[in-house]
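S.K.: Have a look at this one.
The values are calculated or read from the model by the stated rules, or taken from the named source; none is laboratory data. This structure is a prediction, so every number in the text was calculated from the model and none was measured. Every residue, glycine as well, gets a Cβ built from its backbone with ideal geometry; the counts of neighbours run over all protein chains shown. These area figures cover heavy atoms from the full protein model, side chains too; ligands, DNA and RNA do not enter into them. Shrake-Rupley method; radii C 1.70, N 1.55, O 1.52, S 1.80 Å.
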Amino acid sequence: KDEMELSRLEEEQRSMRARVKVFDDNESWKVPSNPFESLAREDPSTLQQAAAKILLRGGLEYVCGVDISVSQKDATFGVGVLSVVKLESLDVVYEEVVYLT
């Protein structure tokens, strides 16, 4: 039964992934060519700040991330998280957590 449930969840995840639309309502920002060259020289403790500076120079102000995870022990339980970070300060400006049961 658990394998069937896991298979159903994996199929649902594939279906959702196919429906995801990526859009940019501000196409004016650009990542500089070869940004990783400068990141390779950064101290690992400041890597986030260095990456943020590169994106800020390109005109990007905010970054959004989403994660949906399902428990491996109980396939009926999961968590969805949406976070928005302001690049200039690396502050989380919006976060929502949803428990899926």
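S.K.: How about the stretch 45-59: which of its residues are open to solvent by 80 Å² or more (accessible area, probe 1.4 Å) and either charged (D, E, K, R) or not in a helix (DSSP H, G or I) (or both)?
M.R.: Residues satisfying the conditions are Lys53, Arg57.
S.K.: Still on this structure: Do you know which of the residues in the stretch 60-75 that are in a strand (DSSP E or B) and exposed (fewer than 13 other Cβ atoms within 10 Å of the Cβ) is nearest to the chain's Cα centre (by Cα)?
M.R.: Gly65
S.K.: Would you point out the residue of the stretch 81-101, among those that are in contact with an Asp or Glu (Cβ under 7 Å, 6 or more places away or on another chain) and under 26 Å from Glu12 (Cα atoms), that is least open to solvent (accessible area, probe 1.4 Å)?
M.R.: Ranking the qualifying residues of the stretch 81-101, first place goes to Ser83.
S.K.: Being modelled with pLDDT of 80 or more, exposed (fewer than 13 other Cβ atoms within 10 Å of the Cβ) and not hydroxyl-bearing (Ser, Thr, Tyr) is the requirement here; does Glu27 meet it?
M.R.: No: the conditions fail for Glu27.
S.K.: Could I ask something else about it? Of all residues in the stretch 1-12, how many are at pLDDT 75 or above and open to solvent by less than 90 Å² (accessible area, probe 1.4 Å)?
M.R.: Counting residues in the stretch 1-12 that are at pLDDT 75 or above and open to solvent by less than 90 Å² (accessible area, probe 1.4 Å) gives 4.
S.K.: What number of residues in the stretch 52-86 are of a type in the set (A, V, I, L, M) and in contact with a strand residue (DSSP E or B) (Cβ under 6 Å, 6 or more places away or on another chain)?
M.R.: 9
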